[in-house]
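Here's the structure we're looking at; comments come further down.
Read-outs: derived from the displayed coordinates by stated rules, not from any lab. None of the values given here were measured: they were computed from a predicted structure. Here the Cβ positions follow ideal geometry from the backbone for every residue, glycine too, while neighbour counts run over all protein chains shown.
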Amino acid sequence: MKKTLKMIFGLTLALMFFLSAPAMQSYAYSTIPDYFDFGDATIAIPAGGSYKMWLAATYDYTYFIEGATSDATYLECNFKRDSGYVTFHIGADEQGGNVFFHFYVRDDKVPNQDLHDCVEIYVQNRQPVNQSLQVPIAGGKVGTLSKDGKRSMLYNDKGVAMASFSLTMGNGRGAEFGQKGVESNGANYFSVITGYDNCTPVISESDKAVMLANGYAGVVVNGKFVNWP
């Protein structure tokens with residue numbers, strides 16, 4: 001009888017402890033739930049937006065991105081065995097419609113370095129950009145603004161290169177951007193989108209003189225007019 005009472009009392013205590021314990025967030029969207037536990041497997045995020053997601057990692061990990069075009073698309077995380085929120089950031093100039101964040105276990109405790117899972121991002125409200133734009137130049141002629149890597153070059157009506165510019169985030173760090181068109185604010189400006197709102201143009205003095213002679217005073221960065229430095 002005493003044994004039975006002790007057993008009942010023990011079970012009651014265990015039940016009370018279980019009910020009073022804080023609830024753990026568990027989603028198990030991962031295909032390898034012993035290693036990762038994702039809050040979501042697929043997410044829709046607008047270009048220029050971000051999204052917080054619960055992530056539980058049993059071991060240290062790393063990630064790489066597939067399908068992104070913007071260098072402002074990245075994951076804010078600590079890469080450590082942990083549970084909590086991570087933040088997906090999508091660059092304002094992102095052109096990839098489907099961006100994949102691939103997660104890999106990177107921990108000395110796990111010899112298999114091929115353990116992998118993925119979160120897919122559907123990028124919404126992407127801004128249209130053009131690698132090559134027809135733009136007005138001096139003398140009532142039409143030139144071309146063509147983008148090559150992280151630089152845009154202005155060509156005259158005969159296809160001869162005249163001047164170029166790029167964008168910087170500061171400290172010598174070039175920024176990716178997309179060409180949108182031409183806007184006017186008394187003078188003409190090249191309109192661009194980028195993942196970094198505080199970017200400024202980089203241009204040589206000689207190229208700046210050519211741009212000014214053709215009526216271009218600077219760039220519009222994510223809607224903000226910025227004159228040549």
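If the limit is 23 Å between Cα atoms, which of Lys180/Lys208; Lys150/Lys180; Lys52/Lys224; Lys52/Lys109; Lys141/Lys224 go over it? Among Lys180/Lys208; Lys150/Lys180; Lys52/Lys224; Lys52/Lys109; Lys141/Lys224, the Cα-Cα distance tops 23 Å for Lys52/Lys224; Lys52/Lys109; Lys141/Lys224. Along its first, second and third principal axes, ordered by size, the chain spans 106, 37, 30 Å in Cα coordinates. For the pair Met162 and Asp108, the difference between a 0.36 nm per residue extended length and the Cα-Cα distance amounts to 14.0 nm.
Rounded to the nearest 20, the size of the Cβ-charge dipole of the chain about its Cα centre is 440 debye, with Lys and Arg at +1 and Asp and Glu at -1. Report the Cα centroid-to-centroid distance between the range 194-229 and the range 127-191 in angstrom, as an integer. Cα centroid of the range 194-229 versus Cα centroid of the range 127-191: 9 Å apart.
Note on Phe64 and Lys80: their simple-model spin labels are 2.5 nm apart, each label 7 Å out from Cα toward Cβ.
The modelled label-to-label distance for the pair Ser204/Thr42, using points 7 Å beyond Cα in the direction of Cβ, is 5.0 nm.
Packing order of peptides 131-144, 32-45, highest average first: 32-45, 131-144 (average count of other Cβ atoms within 10 Å over each peptide's residues). Counting only alpha carbon atoms, the long axis of helix 2-20 and the longest principal axis of the chain meet at about 10°.
Separation of the range 26-74 and the range 94-112 by C-alpha centroid, Å? Going from one Cα centre to the other spans 8 Å.
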